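The values are calculated or read from the model by the stated rules, or taken from the named source; none is laboratory data. Keep in mind that what you see is a predicted model, and the values were worked out from it rather than measured. As a convention, Cβ positions derive from the backbone with ideal geometry for all residues, glycine included, and neighbour counts pool all protein chains shown. These area figures cover heavy atoms from the full protein model, side chains too; ligands, DNA and RNA do not enter into them. Shrake-Rupley method; radii C 1.70, N 1.55, O 1.52, S 1.80 Å.
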Amino acid sequence: MITIQGLCKDYPMEGGAPFHALKDIDLRVEKGEFVSICGRSGSGKSTLLNVIGCLDTYQKGSYRFLGLDVGKLNDSKAAILRNRHIGFVLQDFSLINNKTVLFNVMLPLYFGKTPYREMKGKALKALEKVGLAEQAHKRANQLSGGQRQRVAIARAIVGEPELVLADEPTGALDSGTSAQIMGLLQGMNDSGITILVVTHDETVAGYCRRKIVISDGMIQSDQPDQPKYVN
């Protein structure tokens, strides 16, 4: 599914040498994997996730996703690839607070020009999967933190993506709610969705089946890991 070879990502720095965020990254992820990408703040883990999610570009190396050479795609084609095949779950939920839960979940489908009735049906189905169908008509800001993250997960899977990228998905949640969210992601992975989780939390990493550690923009270790926590 994902093949990265010799990938480098630099950020220009005013009046000085560029900052090397990613250095010669080699990575392969197969369909159906559940991978944690771990490292301290500034290690490059979120930058790598943004590149994988077609949200950011790179200067050197290659990245192929679903057989496509992402580096050769223009912005429009990259956006189409992202919208059709990748779902995102973020630490801050990134919901529109004054809109309904249903609207928030349907949002990715608007960009695909999906008919409203079909959008609504898919959104309700996604909400059922995360246990929030009864909250569909509440505003997003009326929900708890854990419920808001469940809405974000429903939004991530509403388009039935092959890949879900989660960037510190439990960072704003207490330990009990975090366990519920990670259990939900485990269930999604069991259904065949490939999941990459960026985290600095060893407990979160313990739910995954493979652990990659990044430091100073380089992969330091990459090893299969028997999940320590199974819901």
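Considering only residues in the stretch 151-175 that are part of a helix (DSSP H, G or I) and not hydroxyl-bearing (S, T, Y), the one that is most open to solvent (accessible area, probe 1.4 Å) turns out to be R155. Screening V230 on (1) touching a residue at least 40 places away in the same chain (Cβ under 8 Å); (2) loosely packed, with under 15 Cβ neighbours inside 10 Å; (3) under 21 Å from V101 (Cβ atoms); (4) not polar (S, T, N, Q) shows it passes everything except condition (3).
Among residues of the stretch 135-159 that are under 22 Å from Y116 (Cα atoms), those with a beta-carbon under 6 Å from a residue that is of a type in the set (G, A, S) and open to solvent by less than 20 Å² (accessible area, probe 1.4 Å) at least six positions away or on a different chain give the pairs A154/A126; A156/G87; I157/G87; I157/A126; V158/A123; V158/A126. Out of all the residues in the stretch 107-119, is one or more of a type in the set (V, I, T) and under 25 Å from S46 (Cα atoms)? No: the stretch 107-119 contains no residue that is of a type in the set (V, I, T) and under 25 Å from S46 (Cα atoms).
Once the stretch 95-122 is narrowed to residues that are surrounded by 14 or more Cβ atoms within 10 Å (Cβ to Cβ) and of a type in the set (S, T, N, Q), the residue that is nearest to A156 (Cα to Cα) is N104. For the stretch 88-107, the criterion of a residue being modelled with pLDDT of 90 or more, over 19 Å from H137 (Cβ atoms) and part of a helix (DSSP H, G or I) is satisfied by no position. For the stretch 108-150, residues that are among the aromatic types (F, W, Y) and not in a helix (DSSP H, G or I) total 1. If you filter the stretch 21-75 down to residues that are among the acidic types (D, E) and either surrounded by fewer than 18 Cβ atoms within 10 Å (Cβ to Cβ) or modelled with pLDDT under 95 (or both), you find that the one that is nearest to V197 (Cα to Cα) is E30. Cβ-Cβ distances below 6 Å connect the following pairs, each with a first residue in the stretch 162-185 that is under 15 Å from C38 (Cβ atoms), a second residue that is open to solvent by 10 Å² or more (accessible area, probe 1.4 Å) and part of a strand (DSSP E or B), and a separation of six or more residues or different chains: L165/F88; D167/L90. Among the conditions (1) touching a helix residue (DSSP H, G or I) at 6+ places or on another chain (Cβ under 6 Å); (2) open to solvent by 40 Å² or more (accessible area, probe 1.4 Å), D190 misses just one, which is (1).
Residues of the stretch 128-150 that are open to solvent by less than 20 Å² (accessible area, probe 1.4 Å) and in contact with an Asp or Glu (Cβ under 9 Å, 6 or more places away or on another chain): G146 alone.
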